[in-house]
Amino acid sequence: MNARNAKEHTRYFTAPTTGIECLTASFCQHHYAPHAHDTYVIGALLSGKAGVFIRGAQRFAGAGDLTLYNPHDVHDGVPMMDGYSYRVSYPEADLIVEIASEMADSGILGTPSFPEPVVKDLPGCALFFEAHRAWEDSHCPLEAEELMLRSYRHCLSRHARIALKRAGAEEGPVARAAAVMSERFDEKLTLAELVREARLPRQRLIEAFHRDTGFTPHAYLINRRVDAAKAMLRRGHDPVDVAAASGFADQAHLIRTFKARIGVTPGAYQAAFAM
């Protein structure tokens, strides 16, 4: 269907835990007036093409492009040809400074700056889309924050030229974070809670956890929930009750996650233990 004939749509929302403002939209006629934000503007185009006048020059963004505007960058935005669809976020400067400081090989002086406002970066777009969708769904705060950090970290390391710290030995902090998730797998844990227990900055915890366990914290938590669900199913508990007791949003979430890891549905798994 021609985008010019499609209805424009927008959805404005805030990301769980962090409160980052976000927008998902399709525009075929809407023209942004020149304006600026006191936040960063980090986004990616899903499809189509947009024109933007920024930093004294006309730029064009298409599918697979990241848009990386610094605070107070004056810009407009116009649909080109059949319009465009995009996802965008508006992280506060303090958050980006914090992430950059956690990941940098040397101390960060001042506010990180993106030298190019539009860059072609297919892997970066894929990371951002995954994170943005998780923020919009907001089923799991830990997953949403983990993906947010990974996406923004990619943008900073690739496009703001921030050198990364070398990973150290953090077995103790990793073990403490793992213990929290093992004991409280049925709760909506946040990354902030794991950071408090592990006593490591967020990004270092994620990197160390993955290095030592092969899982990100969120993946570890999901695996722990599946293990708990298996134990309850073996004891004959109803799958509906198992979903709630093991921390899944609903039975459909349990079925989808369980089959992706075990290869069969919870019902089929339970049937194998029936007398």
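The values are calculated or read from the model by the stated rules, or taken from the named source; none is laboratory data. On a predicted model such as this, the values are computed, not experimentally measured, just so you know. Using ideal geometry, Cβ is built from the backbone for each residue, glycine included, and neighbour counts are taken over all protein chains shown.
For every residue, the table says whether it meets (1) among the basic types (Lys, Arg); (2) under 26 Å from the mean Cα position of the chain (by Cα); (3) buried (at least 17 other Cβ atoms within 10 Å of the Cβ).
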| residue | (1), (2), (3) |
| --- | --- |
| Gly214 | no, yes, no |
| Leu221 | no, yes, yes |
| Asp227 | no, yes, no |
| Ala231 | no, no, no |
| Asp238 | no, no, no |
| Ala244 | no, yes, no |
| Phe258 | no, yes, yes |
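Restricting to the stretch 200-218, name every residue that is assigned to a loop (DSSP other than H, G, I, E, B) and more than 21 Å from Phe185 (Cβ to Cβ).
Once the filter is applied, which keeps residues that are assigned to a loop (DSSP other than H, G, I, E, B) and more than 21 Å from Phe185 (Cβ to Cβ), the stretch 200-218 yields only Pro201.
Quick one: would you say Ala249 is in contact (Cβ under 8 Å) with a residue 24 or more places away in the chain and either under 22 Å from Ala144 (Cβ atoms) or touching a Pro at 6+ places or on another chain (Cβ under 6 Å) (or both)?
Against the criterion (in contact (Cβ under 8 Å) with a residue 24 or more places away in the chain and either under 22 Å from Ala144 (Cβ atoms) or touching a Pro at 6+ places or on another chain (Cβ under 6 Å) (or both)), Ala249 qualifies.
Out of Ile54, Ile20, Ile42, report the one residue that is β-branched (Val, Ile, Thr), surrounded by 14 or more Cβ atoms within 10 Å (Cβ to Cβ) and in contact with a Cys (Cβ under 8 Å, 6 or more places away or on another chain).
None of the others qualify; the one that does is Ile42.
For the stretch 239-257, enumerate the residues that are assigned to a loop (DSSP other than H, G, I, E, B) and over 20 Å from Glu183 (Cβ atoms).
Selection gives Ala249, Asp250.
I'd like the full set of residues that are of a type outside the set (S, T, N, Q) and farther than 19 Å from Gly48 by Cα, limited to the stretch 59-74.
Tyr69, Pro71, His72, Asp73, Val74
Just one of the numbered conditions (1) over 30 Å from Cys28 (Cβ atoms); (2) modelled with pLDDT of 90 or more is not true of Val78; which one?
Here Val78 meets the rest and fails (1).
Looking only at the stretch 33-64, filter to residues that are aromatic (Phe, Trp, Tyr) and touching a residue at least 24 places away in the same chain (Cβ under 8 Å); which one of those is nearest to Ala160 (Cα to Cα)?
Checked the stretch 33-64; the qualifying residue nearest to Ala160 (Cα to Cα) is Tyr40.
Name, by its number, the condition in (1) among the aromatic types (Phe, Trp, Tyr); (2) more than 29 Å from Ser113 (Cβ to Cβ); (3) crowded, with 22+ Cβ neighbours inside 10 Å that does not hold for Phe185.
(3)
May I ask you to verify whether Arg199 is within 20 Å of Glu98 (Cβ to Cβ), surrounded by fewer than 22 Cβ atoms within 10 Å (Cβ to Cβ) and in contact with a helix residue (DSSP H, G or I) (Cβ under 7 Å, 6 or more places away or on another chain)?
So Arg199 passes the test.
From the list Ala134, Ala144, Ala126, which one is under 18 Å from Tyr12 (Cβ atoms), among the small types (Gly, Ala, Ser) and free of Cβ contacts under 8 Å to residues at least 24 places away in the same chain?
Numbers: Ala144 fails: free of Cβ contacts under 8 Å to residues at least 24 places away in the same chain; Ala126 fails: under 18 Å from Tyr12 (Cβ atoms).
Selected residue: Ala134, the only one of Ala134, Ala144, Ala126 that is under 18 Å from Tyr12 (Cβ atoms), among the small types (Gly, Ala, Ser) and free of Cβ contacts under 8 Å to residues at least 24 places away in the same chain.
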